[in-house]
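Taking it in order: structure first as structure tokens, then the write-up.
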Amino acid sequence: MDQPRVCLVSGYFDWFSGYQETVLAKWLGRYTNTEVVAGDRVSPIFSDEHLSRISVDRRYVPGATTRDGVTVTRFATRELRSMLWSADVRKYIASQPYDLIIQAMPGQILPLAATLTRNHCTRVALYGDNSAMWSHLSPVPRFLKGVAFTLSKGVVYSLVNTRAQQIYGFTPDTIARLSTFRAGRQMSLLPLAFDPEEFHLQETIRDSHRRDLGYAPRDKVIITAGKYQEKKRLDLLLDAFKRLAATDPDLRLLLTGLDGSPDSLRLISRIDGDADYRDRVTALGFVPTAELNALFNAADIGVWPRMPAITIQQAMGTGLAVVLPRNDWVGHLLRPGTGAYFDVTNQDDSRPMQAAIASQIANAGLGLADRRIRAESNSWLGADRVSRSVLETAGVMA
């Protein structure tokens, strides 16, 4: 029996990113005949420095390539403000006998092409919009952004959703924000997923990697990871770390994802300027996926002070205990025993986060047996399970 033919349409599609569309595509390819249709541009969220570190060009060559059993067909596109378009995409999708079309992040505009075709198949729309993107703005610019969004992407979303049989939002905040544009459809939660083949507990790598980083067996390592921006408020994590480290000589802090941006340089300068603690803080740049998995395995507690990031789920895949703010961006991720939330009543106050970190150090259980339990509990966030759920709900897989 032939496998169902699935098309995932995404304006930007960067395998190296680990973003939702890439991990879903890989695992959809395990169960179906999967093709990704995308543009020829790398997402502008990645700086030229980042791309040079991982030896990736800013543009891809149009045409078809295959990876992990998935065909990626790229088209030359025009780009404007993180939006892409190619008339050839609509023509191509219209010519193919797909059983399911998944439109990932229609705000990139290119996925709209699938709505404009007459393919008689099930359509699924995936949305990642959330208020975190604008949370750092003052009230007036934030209001203007909302108006512009409604007049532009909101119209596109309503159109896409009129032909979609299933609509997913990656966070509860996404679902609330896009409620006006659902076109009468129900919107369901589809959490950001991690690739369980790339992020998992590796007992053999923990000790060796800790030695490579200069950590002693007794050291307790706090980690945070992700593309650094000032709005992520790692300054608050530094404040909390310094207060905790004042009474715990075995505490260490590991930061990864910094680059040559002004925000990163200011943070590094702050670390270097504190003679009492700079030898207990390690700041790394962008690292490959395998190295990031090793760093999560080497650490003991993961902390994200304010903003959501896919690195949270990736860390959870390794069984790392995590500390997160209680909000509609990440408030759906933790199950009992997998970490702790802290309340944010003052954006500049790090003490609730500090208390949550201290509680996890004291009570979470940092040994391998506890990590195994957490890793299993977090497996519901694995892309293998999330992708199967999409296929089963769409009716293309029993």
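The values are calculated or read from the model by the stated rules, or taken from the named source; none is laboratory data. Worth saying up front: this structure is predicted, and the values here are computed from it rather than measured. Positions of Cβ are generated from backbone atoms using ideal geometry, with glycine treated the same way; all protein chains shown enter the neighbour counts.
Total residues in region 362-396 satisfying the condition of being of a type in the set (Gly, Ala, Ser) and more than 22 Å from ASP219 (Cα to Cα): the figure is 8. The listed residues are ALA183, ALA164, and the only one of them that is within 27 Å of LEU333 (Cβ to Cβ) and either basic (Lys, Arg) or assigned to a loop (DSSP other than H, G, I, E, B) (or both) turns out to be ALA164.
If the condition is being part of a loop (DSSP other than H, G, I, E, B) and surrounded by 17 or more Cβ atoms within 10 Å (Cβ to Cβ), then region 63-81 contributes only THR77.
One line per residue, one yes/no per condition, for (1) buried (at least 22 other Cβ atoms within 10 Å of the Cβ); (2) in the same structural domain as TYR127 (by TED's automatic domain parsing):
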site: THR162; (1), (2): no, yes
site: GLN166; (1), (2): no, yes
site: GLY169; (1), (2): yes, yes
site: ASP173; (1), (2): no, yes
site: ALA176; (1), (2): no, yes
site: SER179; (1), (2): no, yes
site: ARG182; (1), (2): no, yes
site: SER188; (1), (2): no, yes
site: GLU198; (1), (2): no, no
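Among the residues in region 53-75, are any within 20 Å of VAL6 (Cα to Cα), among the acidic types (Asp, Glu) and without any contact (Cβ under 8 Å) to a residue 24 or more places away in the chain? There is no residue in region 53-75 that is within 20 Å of VAL6 (Cα to Cα), among the acidic types (Asp, Glu) and without any contact (Cβ under 8 Å) to a residue 24 or more places away in the chain. Put simply, of ALA309, ALA245 the only residue that is farther than 26 Å from ASP14 by Cα and crowded, with 18+ Cβ neighbours inside 10 Å is ALA245. Taken residue by residue, region 274-297 has at least one member that is of a type in the set (Gly, Ala, Ser) and in a helix (DSSP H, G or I).
Taking every residue in region 326-350 that is at negative phi and surrounded by 20 or more Cβ atoms within 10 Å (Cβ to Cβ) and pairing it with any residue that is hydroxyl-bearing (Ser, Thr, Tyr) and assigned to a strand (DSSP E or B), at least 6 positions away or on another chain, the pairs with Cβ-Cβ distances below 8 Å are LEU334/TYR341. Taken together, VAL23, VAL9, VAL37 contain a single residue that is buried (at least 24 other Cβ atoms within 10 Å of the Cβ) and in a helix (DSSP H, G or I), which is VAL23. Under the condition of being surrounded by 12 or more Cβ atoms within 10 Å (Cβ to Cβ) and touching a residue at least 12 places away in the same chain (Cβ under 8 Å), the residues counted in region 267-284 number 11.
Scan region 349-398 for residues that are among the acidic types (Asp, Glu) and within 13 Å of LEU201 (Cα to Cα) and the total you get is 2. What about THR150, is it modelled with pLDDT under 80, surrounded by fewer than 16 Cβ atoms within 10 Å (Cβ to Cβ) and more than 24 Å from the chain's Cα centre (by Cα)? Considered against the rule, which asks whether it is modelled with pLDDT under 80, surrounded by fewer than 16 Cβ atoms within 10 Å (Cβ to Cβ) and more than 24 Å from the chain's Cα centre (by Cα), THR150 comes out as yes.
Restricting region 363-381 to residues that are aliphatic (A, V, I, L, M) and at pLDDT 95 or above, the residue that is surrounded by the fewest Cβ atoms within 10 Å (Cβ to Cβ) is ALA369.
For every residue, the table says whether it meets (1) of a type in the set (Asp, Glu); (2) at pLDDT 95 or above; (3) under 23 Å from LYS227 (Cβ atoms); (4) not assigned by TED's automatic domain parsing to the domain that holds PRO249.
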{"site": "THR311", "(1), (2), (3), (4)": "no, yes, yes, no"}
{"site": "GLN314", "(1), (2), (3), (4)": "no, yes, yes, no"}
{"site": "GLY317", "(1), (2), (3), (4)": "no, yes, yes, no"}
{"site": "GLY331", "(1), (2), (3), (4)": "no, yes, yes, no"}
{"site": "ALA340", "(1), (2), (3), (4)": "no, yes, no, no"}
{"site": "ASP349", "(1), (2), (3), (4)": "yes, yes, no, no"}
{"site": "GLN354", "(1), (2), (3), (4)": "no, yes, no, no"}
